[in-house]
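Q: Before I ask anything, let me first share the structure, which is written out below as structure tokens.
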There are 2 protein chains.
Amino acid sequence: MKIEILTTGDELMSGLTRDGNFQWAGEMLTALGFDVAYHTTVGDDMITLKSVFNTAKNRADAVIVTGGLGPTPDDLTIEAVSNFLDVGVELNQPALDMMTERFRKIGRTVSETNMKQVYLPKGSTVLLNKWGTAPGFSYEVEDTVFFFLPGVPKEFRAMMAEYVLPELKKRNPQMKKSCMRLVKTFGLPESEVAQKLEGVEREGVKLGYRAHFREIHLRVSSFGDTTSEAQKLMDEFLDEISSKLGHHIFTTTGEMLEGVVCNMLKERNITLSTAESCTGGLLSHRITNIPGSSEYFLEGVISYSNEAKSKILGVPMALIDSYGAVSAQVVEVMAKGVKELAGSDIGIGISGIAGPGGGTPEKPVGTVYIGWYSETKGAISHKFHFHGTREEIKLVTVLNALDMIRQTLLNNV
Amino acid sequence: MKIEILTTGDELMSGLTRDGNFQWAGEMLTALGFDVAYHTTVGDDMITLKSVFNTAKNRADAVIVTGGLGPTPDDLTIEAVSNFLDVGVELNQPALDMMTERFRKIGRTVSETNMKQVYLPKGSTVLLNKWGTAPGFSYEVEDTVFFFLPGVPKEFRAMMAEYVLPELKKRNPQMKKSCMRLVKTFGLPESEVAQKLEGVEREGVKLGYRAHFREIHLRVSSFGDTTSEAQKLMDEFLDEISSKLGHHIFTTTGEMLEGVVCNMLKERNITLSTAESCTGGLLSHRITNIPGSSEYFLEGVISYSNEAKSKILGVPMALIDSYGAVSAQVVEVMAKGVKELAGSDIGIGISGIAGPGGGTPEKPVGTVYIGWYSETKGAISHKFHFHGTREEIKLVTVLNALDMIRQTLLNNV
């Protein structure tokens, strides 16, 4: 069964809006085992729409169309479908009732312009929209089924789950049950992850790689005659890749790295504070993105200047003079300083040269030290040489700092 | 002249890679006045590729194809083109010479697998790749010109500029000269920007809206018989929209809000420090993304706890007890405290409830205070009620803080 996804809208063609619906649907359908063979995008133009409906009908078994169901003049989908099929439109009473009720709740009535949204092509099946205003519909043309859905991402996703997926599965009775997981790794380039996983691929399991800055994400799908068979295959497969990638895997359930770190802090009842120089607050920003982080994240200091490092964190000026602000000695004392200032269990200190200026032959742009201090482990620091733009160096530094916290906690603080 | 953009690759179809090339090219070509009529994406499959080449030939005058020019077995573009056109391939000596030289520099030789990249369809015109390994090529089929370019974004963009744009312009001699500008606004919803700009549209100017979180970006293109005519039209148009949107416009040259603020600080030789609570370091992170920010950004404090607010910033506990940590009184003292700690000209204090927990009937989630302190202006603070997720509330708070700095500086500190 070949699927075509057809996204419409001038704002997509002009690059002013990103086609997130296609990316989301492509990932989901592919992971579920469907064959997404074609993706087409066109603007709001009647003749073009008719022509791509025809092309899609001739090459695909199921066509998912998004957009053009709104009330404005550039919303042409219903008219284009009706032209393409050479059928008229008729009032769909359930769609009108739902829209009337929705508007009533917010004190509005259905206007003349909205009425065009509930006149659907004759012979179509309405797909009621519980998440927004514009109803969708489906239509069978010869051997091809078309689904017309709104372009608003929230509504599109909900209606995909509610109407399209069950229908696609029904039309593919031979299709297996599936399980999906998002596994994330840090600290290995994609080629090395692929090399370590050589030979793991097996019948009934599908593996897709996605590089997400310095993280490598693995989209794993497993298939079986029953859900529990698919689940069993998934568990076995996750066991095997875990044994090959070890501590590089930080989640098998799709969480962000800071989420994993924050969960560890919370579970172990450990508090943290940070002293950042070159990362300028990005580490504390990422940590405080996690709800409830005020329970374990106590304080952050962005000690951009040497004076701040000395005055707030108590780094002796003599130490900075001897070793430089970017040094193992200084980040360890920064970590200890902020730990004591905040009264937390762990302190993290970061100092480096994010560039583009500020590099020297001994300490070129991308030189970064990350320090740790806790009573049980004492002072630890690591030196790094990163490459990239200023923002990339900040980001990779923060990922390494988060991973350093994770790894050190794994080894028991 | 109808243009089709055809992006290829299994990783695009499965949603594992975002189709950034299309979005970039769509925005650029549309802004230049070209008619990007179709966008198609397909996976690495010979039969599908041939069929979409044929569809594109029949409906477009120029087709830009990306991807599939690499050395691996799933790189099928050359073979698919050669099948589609029913022509053989032949060695392209300039492409081989360039690849040989490129490899020589990094101590490699051209391998058997790489050789397939320099055997191009007979009758094609090579597009030498100075930015990577895979050569591109163009081919005329009946009235349609095809351009085959690598999928690596950096190479794709460079080759679009070097080869494709000049050729498209040559084929459109009647096409006007153009000017492009990216205008960014803050503080108004899209509907209000559109309302204020009602009636400004005119012959020779194209205006596209893009909502970028709480900023509204305007992509403006102007067209004329000569570049200076287009430029004159642009200047007049920018004057007019500036008079309508006033201080809501923070740039007409595409800079980020923090870039505008940092330029103002630098030009006026003013130093800044920040005390953040609910934004957790995001403000200092955004400011320190700007190269050279250490010249005017002195220190940041993330005073998540009341203890930190009191101990580091000198906010009296009695003040917190009387008014609460989220109050005008506290952010003003935080701003003053960090200004004095850092010895900067301006201090900014932020306190609020980012949620999802922590809200009360009097101060629900989304309540945020932003405070300013400087010797010349004294203490200023504003209260906000934001909506959204935790991350959205952090982000909109930081945008408002940056804009508050910008506006206050505009009124002379």
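The values are calculated or read from the model by the stated rules, or taken from the named source; none is laboratory data. Keep in mind the model is a prediction, meaning the values are calculated, not measured. Cβ coordinates were reconstructed from backbone atoms using ideal geometry, including for glycine residues, and neighbour counts include every protein chain displayed.
Q: Step by step: first the residues of region A:172-210, then only those that are in contact with a His (Cβ under 9 Å, 6 or more places away or on another chain) and closer than 30 Å to A:ALA62 by Cβ, then the one that is farthest from the other protein chains (Cβ to nearest Cβ). Which residue is that?
A: A:VAL183
Q: Somewhere in region A:295-304, is a residue in a loop (DSSP other than H, G, I, E, B) and touching a residue at least 40 places away in the same chain (Cβ under 8 Å)?
A: Going residue by residue through region A:295-304, those that are in a loop (DSSP other than H, G, I, E, B) are A:296, A:303-304.
When the remaining residues are screened for being touching a residue at least 40 places away in the same chain (Cβ under 8 Å), the result is none.
No: zero hits.
Q: Right, something else. Give the number of residues within region A:331-362 that are out of contact with any Lys or Arg (no Cβ under 7 Å at 6 or more places or on another chain) and closer than 14 Å to A:ALA308 by Cα.
A: Step one: of region A:331-362, the residues out of contact with any Lys or Arg (no Cβ under 7 Å at 6 or more places or on another chain) are A:331-333, A:335-345, A:348-352, A:357-362.
Going one step further and asking which of them are closer than 14 Å to A:ALA308 by Cα, we end up with A:331, A:333, A:335, A:337-338, A:341, A:349-351.
Looking only at that region, the number is 9.
Q: Please specify each residue of region B:241-290 satisfying the condition of being farther than 19 Å from B:GLU190 by Cβ, of a type outside the set (A, V, I, L, M, F, W, C) and more than 14 Å from every other protein chain (Cβ to nearest Cβ).
A: B:SER243, B:THR253, B:GLU255, B:ASN263, B:GLU267, B:ARG268, B:ASN269
Q: When the residues of region B:342-375 are narrowed to those that are assigned to a loop (DSSP other than H, G, I, E, B) and β-branched (Val, Ile, Thr), which ends up farthest from B:ILE320 (Cα to Cα)?
A: Filtering first and then ranking leaves B:VAL365.
Q: Could you list, in sequence order, all residues of region A:291-304 that are facing chain B (nearest Cβ under 8 Å) and buried (at least 20 other Cβ atoms within 10 Å of the Cβ)?
A: Residues satisfying the conditions are A:SER293, A:PHE297, A:LEU298, A:GLU299, A:GLY300, A:VAL301, A:ILE302, A:SER303, A:TYR304.
Q: Let me ask something additional. Would you mind stating whether A:PHE223 is in contact with a Lys or Arg (Cβ under 6 Å, 6 or more places away or on another chain) and away from chain B (no Cβ under 14 Å)? Before you say what the answer is, go through the steps one by one.
A: Working: in contact with a Lys or Arg (Cβ under 6 Å, 6 or more places away or on another chain): yes; away from chain B (no Cβ under 14 Å): yes.
For A:PHE223, the condition - in contact with a Lys or Arg (Cβ under 6 Å, 6 or more places away or on another chain) and away from chain B (no Cβ under 14 Å) - is met.
Q: Within region A:311-340, count every residue that is out of contact with any helix residue (DSSP H, G or I) (no Cβ under 6 Å at 6 or more places or on another chain), surrounded by fewer than 21 Cβ atoms within 10 Å (Cβ to Cβ) and aliphatic (A, V, I, L, M).
A: Residues that pass the stated criteria total 2.
Q: I'd like to check something: does region A:376-386 contain any residue that is polar (S, T, N, Q), in a strand (DSSP E or B) and under 25 Å from A:HIS247 (Cα atoms)?
A: The first filter runs over region A:376-386 and keeps only residues polar (S, T, N, Q), leaving A:376, A:381.
Then keep just the ones that are in a strand (DSSP E or B); that gives A:381.
Next, only the ones that are under 25 Å from A:HIS247 (Cα atoms) stay: A:381.
Yes, because at least one residue in region A:376-386 is polar (S, T, N, Q), in a strand (DSSP E or B) and under 25 Å from A:HIS247 (Cα atoms).
Q: Of the conditions (1) outside any helix (DSSP H, G or I); (2) within 12 Å of another protein chain (Cβ to nearest Cβ); (3) closer than 20 Å to B:GLU155 by Cα; (4) at pLDDT 95 or above, B:VAL65 fails just one. Which one is it?
A: (2)
Q: Filter region A:1-53 for residues that are in a helix (DSSP H, G or I), under 21 Å from A:ALA158 (Cβ atoms) and either in contact (Cβ under 8 Å) with a residue 40 or more places away in the chain or of a type in the set (A, V, I, L, M, F, W, C) (or both) and give the result.
A: Answer for region A:1-53, where residues must be in a helix (DSSP H, G or I), under 21 Å from A:ALA158 (Cβ atoms) and either in contact (Cβ under 8 Å) with a residue 40 or more places away in the chain or of a type in the set (A, V, I, L, M, F, W, C) (or both): A:LEU12, A:GLY20, A:ASN21, A:PHE22, A:TRP24, A:ALA25, A:GLU27, A:MET28, A:LEU29, A:THR30, A:ALA31.
Q: Let me ask another. Taking the residues in region A:57-91 that are more than 28 Å from B:THR48 (Cα to Cα) and of a type in the set (D, E, K, R) as candidates, determine which candidate is surrounded by the fewest Cβ atoms within 10 Å (Cβ to Cβ).
A: It comes out as A:ASP86.
Q: Separate question: Please state which of the following conditions A:ASP74 fails to meet, knowing it meets all the rest: (1) in a loop (DSSP other than H, G, I, E, B); (2) of a type outside the set (A, V, I, L, M); (3) more than 17 Å from A:THR7 (Cα to Cα); (4) under 34 Å from the mean Cα position of the chain (by Cα).
A: Condition not satisfied by A:ASP74: (3).
Q: Can you find, within region B:117-138, the residue that is nearest to the chain's Cα centre (by Cα) among those that are under 19 Å from B:ALA60 (Cβ atoms) and surrounded by 22 or more Cβ atoms within 10 Å (Cβ to Cβ)?
A: The selected residue is B:GLY136.
Q: Residues to consider are B:GLU276, B:GLU229; find the one that is more than 24 Å from the chain's Cα centre (by Cα) and surrounded by 21 or more Cβ atoms within 10 Å (Cβ to Cβ).
A: Of B:GLU276, B:GLU229, the one residue that is more than 24 Å from the chain's Cα centre (by Cα) and surrounded by 21 or more Cβ atoms within 10 Å (Cβ to Cβ) is B:GLU276.
Q: Suppose the filter is facing chain A (nearest Cβ under 9 Å), among the polar types (S, T, N, Q) and in contact with a Phe, Trp or Tyr (Cβ under 8 Å, 6 or more places away or on another chain); does B:THR48 pass it?
A: On the way: facing chain A (nearest Cβ under 9 Å): yes; among the polar types (S, T, N, Q): yes; in contact with a Phe, Trp or Tyr (Cβ under 8 Å, 6 or more places away or on another chain): yes.
Against the criterion (facing chain A (nearest Cβ under 9 Å), among the polar types (S, T, N, Q) and in contact with a Phe, Trp or Tyr (Cβ under 8 Å, 6 or more places away or on another chain)), B:THR48 qualifies.
Q: What's the number of the condition B:SER243 fails, among (1) without any contact (Cβ under 8 Å) to a residue 24 or more places away in the chain; (2) surrounded by 14 or more Cβ atoms within 10 Å (Cβ to Cβ)?
A: Only one criterion in (1) without any contact (Cβ under 8 Å) to a residue 24 or more places away in the chain; (2) surrounded by 14 or more Cβ atoms within 10 Å (Cβ to Cβ) is unmet by B:SER243, namely (2).
Q: Residues of region A:12-27 being more than 8 Å from chain B (Cβ to nearest Cβ) and within 17 Å of A:LEU69 (Cα to Cα), which ones? Working first, answer last.
A: Of all residues in region A:12-27, those more than 8 Å from chain B (Cβ to nearest Cβ) come to A:20-21.
Scanning region A:12-27 gives a single hit, A:ASN21.
Q: Moving on to the next point. If a residue must be out of contact with any strand residue (DSSP E or B) (no Cβ under 8 Å at 6 or more places or on another chain) and charged (D, E, K, R), how many such residues does region B:51-78 contain?
A: Matching residues across region B:51-78 total 2.
Q: Please work out which residue is surrounded by the fewest Cβ atoms within 10 Å (Cβ to Cβ), limiting yourself to region A:200-226 and to residues that are assigned to a strand (DSSP E or B) and without any contact (Cβ under 8 Å) to a residue 24 or more places away in the chain. Lay out the reasoning, then the answer.
A: Taking region A:200-226 first, the residues assigned to a strand (DSSP E or B) are A:205-212, A:215-224.
Subsequent filtering for residues that are without any contact (Cβ under 8 Å) to a residue 24 or more places away in the chain retains A:207, A:209-211.
Details: A:LEU207: 17, A:TYR209: 16, A:ARG210: 19, A:ALA211: 14.
Within region A:200-226, the match that is surrounded by the fewest Cβ atoms within 10 Å (Cβ to Cβ) is A:ALA211.
Q: Just the residues that are modelled with pLDDT under 95, among the aliphatic types (A, V, I, L, M) and closer than 15 Å to A:THR66 by Cα, please, taken from region A:148-192.
A: A:VAL152
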